[in-house]
Amino acid sequence: MFLLLNILQLIFYIGLIALIGQALLYLLAGQKRDSNLFYQLFQVLNKPWHALGRWVSPALVATQHHGFVAFFMVSVLYIAVTLAKIEHCVSVGMVGCK
């Protein structure tokens, strides 16, 4: 159980960092962001999160806001997994938790 929670937490953490990195490059690179190699890498990394955000959000949400939806969704999932991990560690008496 602890290993599964660690894996999920790591996946969500990488997703959060990638979404933040893409947002920063969106601001810093300006109009040339589509030709930026790192921005393209972040687009590939964040494609599943954007697709999930598009699937979860209603039709009234504009396409350019799906990144915000994805960021907040991944943030909530990361916090939920972190709380589940803390609960698991407390319930087993901190045995095996580092």
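Within 23 Å of Leu3 (Cβ to Cβ) and either exposed (fewer than 15 other Cβ atoms within 10 Å of the Cβ) or over 18 Å from the mean Cα position of the chain (by Cα) (or both), is that true of Ala59? So Ala59 does not fit the description; no. Once the stretch 1-27 is narrowed to residues that are among the aliphatic types (A, V, I, L, M), within 17 Å of Phe71 (Cβ to Cβ) and out of contact with any helix residue (DSSP H, G or I) (no Cβ under 6 Å at 6 or more places or on another chain), the residue that is surrounded by the fewest Cβ atoms within 10 Å (Cβ to Cβ) is Leu27.
Bear in mind that the values in this text are calculations on the coordinates, not laboratory data. A quick note: this is a predicted structure, and the numbers were derived from the prediction, not measured. Note: ideal-geometry Cβ built from the backbone for every residue, glycine included; neighbour counts use all protein chains shown.
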